[in-house]
Amino acid sequence: MSKTFSRVILIIFFITTFLMAKDIKLGMSADFSGPIDYLGLKTKIGVQTYLNSINKESEYKFNLISYDDKYDPIIASNNVRKLIDEDIVAFIGNVGTPTSNVTISIINENKIISFGAYTGGNVLRNPETNEYVFNYRVSYSQEAYYLVSNLLLNGIKPEEIAFFSQNDTYGDSGYYGGMKALKDSGFKDINKIEHGRYTRGTINVEGALSKLLDSPYKIKAVIMVSVDAPTVKFIKYAKEDFPDLKFFLLSPINLEIIKKELKNFYADIFTTQVVPPFNSDLPIIEEYKRNLKEFFPNEKLNLISLEGYISAKLFMEAIKDVDKNNITKESISDAFNNSKEMDIGLGYKSSFDKFAHQYSQKIWFMKIDEFGNEIEAKWDEVYR
């Protein structure tokens, strides 16, 4: 072998090694083909949009490796283990409460940060038991607490509020948050509150609807901790018997399906969201619109992908001072546990540390206007 050829091989080896060292791997397990695939697909688009925007201008390329878990906890567990074996340095944008419930122990055991999961489950929000889990969004309990509190402030009596929830940890998170709001208001007769449930993965809502039909009280508001198909069916059926009933949905709902299937009921449907509306003048909105158009020109604006975008930007802001030539799961963990106040264009600042693992406490109250746009709603107009 000639010396010249040997030098060429050596140069190629060092160049390849150098380039590989700049490929920083992030992991994601989400539903891409199951009952909540809209959450997984849109979250991934949002995360990838922001990663594309920074990869374009940086020598360090953040590579998102994502696997489909079909909203199945067993598959999700296998995905998480597989991604850890592939030497990712952090998880970002995992989706689902039941799946998160079983993967958290694996994440904590392997001491790797999981950030910005699309779930408001309570199990992710205790820093004492989940040292490596950090969140952008508020919890489902907070969303439901917000709804019930404001309903009471606007003259709705406790027994006029009912709950419709998925029969799992997702549904329970919202239900218990709403019940806490009632208890904190001084209401003690919990047996007066109607609560209908349905089994995850089904649209068997008839039993839940019978709770409203059999109630001795006039129900005026239903808090819905559910996914799109059961939500649509429940609202359609309920409207036949309760034409004036109003429905309050939590953020995971697929608003595109709501727009398509429930056009006649826009005026009576409201939702909590953890991201601002698209007509907001906040800097993050214009940035998201611009980058989504560049990297996913066929994608429509979507509140779910916006949350993924925000989570990705916040992740990068938290680790901005980490040496990218030697980025590890340990250096990322240290950055999150010692972050400074960060402003990513949401109109407020917040930070993380060992005792604070949730960035946002903000909830936006929205409705769908006559043109099918998500806009901010005003509480004093809900029951006028």
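Points to keep in mind about this one:
- Residue list for the stretch 308-334, restricted to those being touching a strand residue (DSSP E or B) at 6+ places or on another chain (Cβ under 6 Å) and without any contact (Cβ under 8 Å) to a residue 60 or more places away in the chain: Glu317
- Test: residue in the stretch 82-96 that is in a helix (DSSP H, G or I), closer than 22 Å to Phe336 by Cβ and at pLDDT 95 or above: yes
- Residue check for Val138: assigned to a loop (DSSP other than H, G, I, E, B) and among the β-branched types (Val, Ile, Thr): yes
- The set of residues in the stretch 335-347 being in contact (Cβ under 8 Å) with a residue 40 or more places away in the chain and either open to solvent by 60 Å² or more (accessible area, probe 1.4 Å) or among the polar types (S, T, N, Q) (or both) consists of Gly347 alone.
- Pairs meeting the criteria (first residue in the stretch 284-307 and under 21 Å from Gly40 (Cβ atoms), second residue part of a loop (DSSP other than H, G, I, E, B) and aliphatic (A, V, I, L, M), beta carbons under 6 Å, at least 6 apart or on different chains) are Leu303/Val275; Leu306/Val275; Glu307/Val275.
- In the stretch 27-69, residue surrounded by the fewest Cβ atoms within 10 Å (Cβ to Cβ) [restricted to those that are among the small types (Gly, Ala, Ser) and within 15 Å of the chain's Cα centre (by Cα)]: Gly40
- Candidates Lys246, Lys233, Lys211, filtered to the one that is farther than 11 Å from Phe164 by Cβ, surrounded by fewer than 21 Cβ atoms within 10 Å (Cβ to Cβ) and in contact (Cβ under 8 Å) with a residue 12 or more places away in the chain: Lys246
- Val95 over 30 Å from Lys220 (Cβ atoms), in contact (Cβ under 8 Å) with a residue 24 or more places away in the chain and open to solvent by less than 40 Å² (accessible area, probe 1.4 Å): yes
- You will find that of Phe355, Phe371, the residue that is of a type outside the set (D, E, K, R), loosely packed, with under 13 Cβ neighbours inside 10 Å, in contact with a Pro (Cβ under 9 Å, 6 or more places away or on another chain) and assigned to a loop (DSSP other than H, G, I, E, B) is Phe355 and no other.
- All of Ser305, Ser350, Ser311 fail the test of being of a type in the set (Gly, Ala, Ser), surrounded by fewer than 21 Cβ atoms within 10 Å (Cβ to Cβ) and out of contact with any Cys (no Cβ under 7 Å at 6 or more places or on another chain), apart from Ser350.
The values are calculated or read from the model by the stated rules, or taken from the named source; none is laboratory data. None of the values given here were measured: they were computed from a predicted structure. When we count neighbours, we look across all protein chains shown, and the Cβ atoms used for this are built from the backbone with ideal geometry, even at glycine. For accessibility, only protein heavy atoms count, side chains too; no ligands or nucleic acids. Shrake-Rupley method; radii C 1.70, N 1.55, O 1.52, S 1.80 Å.
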